[in-house]
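Okay, structure first, notes after.
The values are calculated or read from the model by the stated rules, or taken from the named source; none is laboratory data. Quick caveat, the model's predicted, so the values are computed rather than measured. Every residue, glycine among them, receives a Cβ derived from its backbone with ideal geometry; neighbour counts consider all protein chains shown.
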Amino acid sequence: MSGYDNTRKDSVLMSTLFEPSDPLAVDFIPLCIPEIRGNEWTYIKECLDTGWVSSVGSFVDRFEQEVANRIGVQHAVSTVNGTAALHIALLVAGIQPNDEVLVPTLTFIAPVNAIRYIGAWPVLIDAELNYWQIDTQKVIDFLEKECHWQNGELHNKASGRRVKAILPVHILGHPVNMKPLMEMARKYNLVIIEDATESLGAKYNGHSVGSLGDIACFSFNGNKIITTGGGGMIVTDNTDWARKAKYLTTQAKDDPVEFIHEEIGYNYRLTNIQAAMGCAQMELLDQYIVAKRRIASTYTEALKDLPGITPMDQAEWAHSIFWMYTILVDEVQYGMDSRALLRRLEAVQIQTRPLWQPVHCSPAHTGALIYRCEVAEHLNREALSLPCSVGLKPVDQKRVIEHIRIEAIQR
Ligand SMILES: Cc1ncc(COP(=O)(O)O)c(C=O)c1O
């Protein structure tokens, strides 16, 4: 399992409280590491043996086709990472500088950064309390109450800017409630760009995330359910957008012989080696989802009766992949807050982490528009993600659970 040794070393350095005499503190349990146990070696060796190691090759085509088939869309375009995929998706969807894009405040920062890359503006929408996804009622309220229809376009009354897209992020492996967003998009001629980077394999009412909006993005970063080391994918049914995405991600070459470029492109290509790894990982995706869901139900069963702990939930519309299993810790009822629990677990070599700082609190996005962000900060204070690698051993998961329960008893 690559990545294990580095993570372990970093964590040992961080864990100044580690006491080797603690009988439970035998082995480091990382938060979420890759699972590499399939055809990765065979496929990557094929790249090495044939010399097809760089930005074109049969594995790139195959990986794109497999992801498109899996999601149930016509086209997939691979990229160097998920952030690049989001950047290009916004461009091909026609988002212009100064347009506004609705996006959740409770997300890893990448989609909000991508909106700024193209000179558009995020409108940060709160999370909802139950599943921690973008609050679709607040999206509706913003569009209905704060915007007006003018010359066939929706405009923000306060800023005067055009509102052009919604960028829902399916966080932590759980789908957003997409129906109200799709209705709003139809009503106001908005584009939906799904950030499905954390949720490959998740379903919304039986449909794969990534197939619900106009265009969607995935990430194959090392902590995702499948990984190519680093990598991303744009998926869409829109043939023109897919063609444009391929063009822009491959340096916008108009004449491959004479090197004619009519537009500024990007070198956002995935290599054949990375795609080879992706093909091998895709073969085991279903097994990985089963493992993630099993880990989640074990945590939920073991922690649901613990005062002050709220386990991660799944909506009735959702088939979650529980990419990052997360709990809420109520300081008063549990006896310590999430950060104190993080430090206690770190002291016994168990790696956990909080959710992201809500983007409306981030100095990087001072000046972003903020719409009624009341819940996200509370979730950020209470949330703690627990070890949930696909390969997490039952004995290790038991140890995590025991420590969380012991800490509660000791208060
Ligand atoms: C919600 C979200 N969007 C985008 C990204 C960016 O993906 P990448 O790291 O592959 O650039 C990530 C994670 O890494 C993410 O969690």
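For first residues located in region 179-193 and more than 19 Å from L86 (Cβ to Cβ), partners that are assigned to a helix (DSSP H, G or I) and lie 6+ apart or on another chain with Cβ distances below 7 Å form the pairs P180/T136; P180/I140; M184/V139; M184/I140; M184/L143; Y188/L143. Scanning region 178-208 for residues being more than 10 Å from the ligand (Cβ to nearest atom) and more than 30 Å from G152 (Cβ to Cβ) gives a total of 7. Of note, I140 does not satisfy the criterion of being part of a helix (DSSP H, G or I), within 16 Å of the ligand (Cβ to nearest atom) and without any contact (Cβ under 8 Å) to a residue 60 or more places away in the chain.
Selection of region 311-336 for residues being free of Cβ contacts under 8 Å to residues at least 40 places away in the same chain and surrounded by 17 or more Cβ atoms within 10 Å (Cβ to Cβ) yields only P311.
On the basis of being surrounded by 21 or more Cβ atoms within 10 Å (Cβ to Cβ) and not assigned by TED's automatic domain parsing to the domain that holds S159, does P358 make the cut? The answer is yes for P358. Across region 63-119, the number of residues qualifying as more than 28 Å from M277 (Cα to Cα) and touching a Gly at 6+ places or on another chain (Cβ under 6 Å) comes to 1.
Taking I171 as the residue in question, decide whether it is in contact with a helix residue (DSSP H, G or I) (Cβ under 6 Å, 6 or more places away or on another chain) and crowded, with 18+ Cβ neighbours inside 10 Å. Break it down into steps so the answer makes sense when it comes.
Numbers: in contact with a helix residue (DSSP H, G or I) (Cβ under 6 Å, 6 or more places away or on another chain): no; crowded, with 18+ Cβ neighbours inside 10 Å: yes.
Considered against the rule, which asks whether it is in contact with a helix residue (DSSP H, G or I) (Cβ under 6 Å, 6 or more places away or on another chain) and crowded, with 18+ Cβ neighbours inside 10 Å, I171 comes out as no.
Quick grid of which residues meet (1) of a type in the set (A, V, I, L, M); (2) within 11 Å of the ligand (Cβ to nearest atom); (3) touching an Asp or Glu at 6+ places or on another chain (Cβ under 7 Å):
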residue	(1), (2), (3)
G57	no, no, no
Q65	no, no, no
V80	yes, yes, no
T83	no, yes, no
A93	yes, no, yes
P97	no, no, no
V103	yes, yes, no
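In region 107-123, the residues that are not assigned by TED's automatic domain parsing to the domain that holds P363 reach residues that are away from the ligand (no atom under 15 Å from the Cβ) and modelled with pLDDT under 95 with C-beta atoms within less than 8 angstrom, at least six apart or across chains, in these pairs: V112/A368; W121/A368; P122/A368; V123/A368. Going by the conditions given, is G229 within 16 Å of the ligand (Cβ to nearest atom) and farther than 15 Å from H170 by Cα? Taking the combined requirement at face value, the residue satisfies it. Taking the numbered list (1) outside any loop (DSSP other than H, G, I, E, B); (2) closer than 25 Å to K179 by Cβ; (3) touching a His at 6+ places or on another chain (Cβ under 8 Å) in turn, Y131 passes all entries but (1).
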